[in-house]
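Heads up, the thing below is written out as structure tokens.
The values are calculated or read from the model by the stated rules, or taken from the named source; none is laboratory data. Note that this is a predicted model, so its numbers are computed, not measured. Cβ: placed from backbone, ideal geometry, glycine included. Neighbour counts: every protein chain shown. Side chains included, ligands, DNA and RNA excluded: accessible areas come from the protein's heavy atoms. Shrake-Rupley method; radii C 1.70, N 1.55, O 1.52, S 1.80 Å.
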Amino acid sequence: MSTPATPPATPAAPVTTIAEIGQHEGQSITLRGWLYNLRSSGKLLFPTFRDGTGTIQGIVPKAAVPERVFETLKTLTLESSLVVTGRVRADSRAPSGFELDVDDISITQRIPDETPFPIQLKEAGVDFLMEHRHLWIRTPRQSAILRVRATIQRAAAEYFDTNGFFRTDPPILTPNACEGTSELFEMDYFGDDKAYLTQSGQLYIEATALALGKVYSFGPTFRAEKSKTRRHLTEFWMIEPEVTYLDLDGLMSLAESFLTHIVSRVLETHRADLKLIGKDITKLEAVIAPTSTAEACHPERSAAESKGPEGADITPTAAPLSTTPAPTTTSSAGHAEGGKSPRSGFPRLTYDEAHAMLVDAHARGLIETAHTYGDDFGSPDETYISSQFDKPVMVHRYPAAVKAFYMQPDPLDPTKALCVDVLAPEGYGEIIGGSQRVDDYDLLKSRIEQHNLPLAAFQWYLDLRKYGSVPHSGFGMGIERCVAWICGLEHVRETIPFPRTLNRIYP
RNA sequence: UCCUGAGUAGCUCAAUGGCAGAGCAUUCGGCUGUUAACCGAAGGGUUGUAGGUUCGAGUCCUACCUCAGGAGCCA
């Protein structure tokens, strides 16, 4: 059923993409893509083409093209693949500003009438779209999301690559299921042993950090928890930096600088995609806008971020990457200094301050359930906290009891852990979780025992504190939640080409 | 795991316990500026599965299956 592709009538027309078509105004060009939509008005056809970089409408007056071209296009089925030659013309009626006066087409493959492309232009249900995810990703909105995802991934890696980090890859198959509380995917490992898909490379990345200094990993992560929400996937991608001689405050500066860079890059190159997706771009501009401490917040905002004059040389805002200081140069070894935070663009709240904010919100009837001091924040709590700010908010120093065993206690209050959660604006929840790690052998050993974890499995991890231990910190960012936030999506399933969820592993 | 909701044409959805319907898609016809184009016509159904109540069930009852989103947990 395929038609051999024949050379277009004007082979001299250079091949270009729809994204770059504006550079060819008045010229003849060749596009290689698919028929996205077709409207007709008697002897005038309006085919819309797509090529993966965007869409453009073509114009085909019957009198202006050979009979063969008009008749072929008139009955062509949607999503058939083809090569088009035509002349680029600026037109104020076109959404993108340009239209294509079609000269010739060459069909690569025509979809038969009996088996039309399943995804229609009109709305469809989630179940149907997910069942056809392999085709759904061709539609303009999904393609735009995947393009933004690619840029977010590139910007994230680029940030670390250009700031002295070495990319390092932790194992995906791990030998024990006891790193934390998450449920893991289990598999047979040559009969005698069980293996598990990694839930985080962090412990291994700590080891490579002690080998290389500043490292990051970027790979898939697996959680077998039976979560069914718009924020959860069973397989997702995480980028995790780990830095020696970095304390919690330095880590927060790193996270801020990192996120600022990502948002800046997306705004540089994806304004059209964000508009297509429906994201309010001003919300992203607010994230990277240089701010005084007075303007980035709502009245409820606490005074936490106005503490501490030191670290004023760190001003990670919308500055280009090249001028963004490497955060590790500004934080000193082992000097976690309690509540003193450098001034920054992203608000920083201690757990206690966030708790007070929630108590106040409950008293005023803004949230349903009262937060219990000492408990971790629930999803509605995080949504409320983040809704009070225009920028990602960093909540730090949670009660150690609700956090992981490897987190360093706050020397000013050992019941607190030197950790930070970064909550994305607009209720997108936690996108980054990180901490300063326990660097003392005896303390870490007792923590492992307190958590009833098998010492033997962690001996290698304890070795890191036995042989040249240093203060170090790191965080992990889930790519999908970051994409969902930046694109303004209802559900993380749209942020990855083939989402894996509790009830779906097809296609 | 718990709570809630939904399964009817290829898709999105209607239908007081009383003849199974519309829009889109498909096919045929019309239209020289359409923007999910529009106008006319045609074809298209084992109402998720299995029982039950009833003169009569898409509709009521029971069980099961599938999916969705919320809680918990997390990124």
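Note on chain A: dipole from Cβ charges, positive end direction compared against A:ILE277, A:GLN23, A:THR501; the farthest Cα belongs to A:GLN23.
A protection proxy built from the mean count of other Cβ atoms within 10 Å ranks the segments A:270-278, A:34-42, most packed first, as A:270-278, A:34-42.
For region A:152-162, backbone phi angles converted through the Karplus equation (6.51, -1.76, 1.60; θ = phi - 60°) give residue-by-residue couplings of 4, 5, 5, 5, 5, 5, 4, 4, 6, 4, 9 Hz, Gly and Pro being listed as x. Within region A:401-481, the ratio Rg/Rh, alpha carbon atoms throughout and Rh by Kirkwood, equals 1.03. Taking the inverse of the mean reciprocal distance over all distinct Cα pairs, the Kirkwood hydrodynamic radius of region A:436-485 comes to 12.6 Å.
Nearest 10 degrees is fine. How inclined is helix A:351-363 to the longest principal axis of chain A, computing both from alpha carbons? It works out to around 70 degrees.
Which one of A:THR72, A:PRO241, A:LEU129 is farthest out on the positive end of the charge dipole of chain A, using unit charges on Cβ (Lys, Arg +1; Asp, Glu -1) and the Cα centre as origin? With unit charges placed on the Cβ atoms, the residue in question is A:THR72. Backbone amide hydrogens, once placed in the peptide plane, bring A:PHE166 within less than 5 Å of A:LYS214, A:VAL215, A:TYR216, excluding anything fewer than 5 places away on its chain. Computed from the C-beta positions of A:ARG39 and A:SER227, the FRET efficiency with R₀ = 41 Å rounds to 0.40. Among the chymotrypsin sites (Phe, Trp or Tyr not before Pro) within region A:361-394, those in coil by DSSP and having at most 16 neighbouring Cβ atoms inside 10 Å are A:TYR373. Karplus-derived 3J(HN,Hα) values for region A:85-93, using 6.51 cos²θ - 1.76 cosθ + 1.60 with θ = phi - 60°, are 10, x, 10, 7, 9, 6, 8, 5, 7 Hz; glycine and proline are entered as x. Amide hydrogen proximity for A:ILE496: with H placed 1.01 Å from N in the peptide plane, no residue at 5 or more positions away or on another chain lies under 5 Å. Region A:241-270 and region A:470-485 have Cα centres separated by 9 Å. Gain on full extension, evaluated as 0.36 nm per residue between A:GLU490 and A:SER96 minus their Cα-Cα distance, stands at 139.3 nm. Spacing of the modelled spin labels on A:LYS194 and A:GLN450, each 7 Å from Cα toward Cβ, amounts to 2.7 nm.
Full extension of the segment from A:ASP376 to A:ALA356, taken as 0.36 nm per residue of separation minus the current Cα-Cα distance, would add 5.9 nm. Among A:LEU254, A:GLY219, A:ASN37, which residue has its Cα positioned farthest towards the positive end of the charge dipole of chain A, with +1 placed on the Cβ of Lys and Arg, -1 on the Cβ of Asp and Glu, and the dipole taken about the Cα centre? Result: A:ASN37, furthest along the dipole toward the positive end. The share of alpha-carbon pairs in region A:126-166 lying farther apart than 15 Å comes to 56%. With a simple spin-label model that places each label point 7 Å from the Cα along the Cα-to-Cβ direction, the separation between A:ALA63 and A:ASP169 comes to 6.2 nm.
Given an 8 Å cut-off on Cα distances and at least 6 residues of separation, report the relative contact order of chain A as a percent.
It comes to 13 percent, rounded to a whole number.
Amide H contacts of A:ILE59: A:LEU100, A:ASP101, A:VAL102, each under 5 Å away and 5 or more positions distant or on a separate chain (H built 1.01 Å from N in the peptide plane; Pro and chain starts excluded).
Mind putting a number on the dipole of region A:66-129 about its Cα centre? Charges go on the C-beta only, +1 for Lys and Arg and -1 for Asp and Glu, and I need it in Debye to the nearest 20. Mind showing how you got there, number by number?
Numbers: 7 positive and 12 negative charges, 35 e Å.
Computed charge dipole of region A:66-129: roughly 160 debye.
Kirkwood hydrodynamic radius (Cα pairs, Å) of chain A?
Numbers: mean 1/r = 0.0393 Å⁻¹.
Evaluated on chain A, it is 25.4 Å.
Using Stokes-Einstein with the Kirkwood hydrodynamic radius over Cα pairs, what translational diffusion coefficient do you get for region A:22-158 at 4 °C and a viscosity of 1.567 mPa s, in µm²/s rounded to a whole number? Answer from the Stokes-Einstein relation: 80 µm²/s.
Rounded to the nearest percent, how much of the accessible area of region A:18-109 (1.4 Å probe, protein heavy atoms only) is carbon and sulfur? Show your work: numbers first, answer last.
Working: 2070 of 4120 Å².
In region A:18-109, the share of accessible area belonging to carbon and sulfur is 50 percent.
Placing unit charges on C-beta atoms (Lys and Arg positive, Asp and Glu negative, everything else neutral), compute the dipole magnitude of chain A about its Cα centre in debye, rounded to 20. Walk me through the numbers on the way to the answer.
On the way: 50 positive and 65 negative charges, 319 e Å.
Roughly 1540 debye, rounded to the nearest 20.
Each label was represented as a point 7 Å from its Cα along the Cα-to-Cβ direction; for A:GLN459 and A:GLN120 these points are 6.5 nm apart.
Backbone geometry of region A:447-456 corresponds, through the Karplus equation with coefficients 6.51, -1.76 and 1.60 at θ = phi - 60°, to 3J(HN,Hα) couplings of 5, 4, 5, 4, 8, 6, 9, x, 4, 4 Hz, x marking Gly and Pro.
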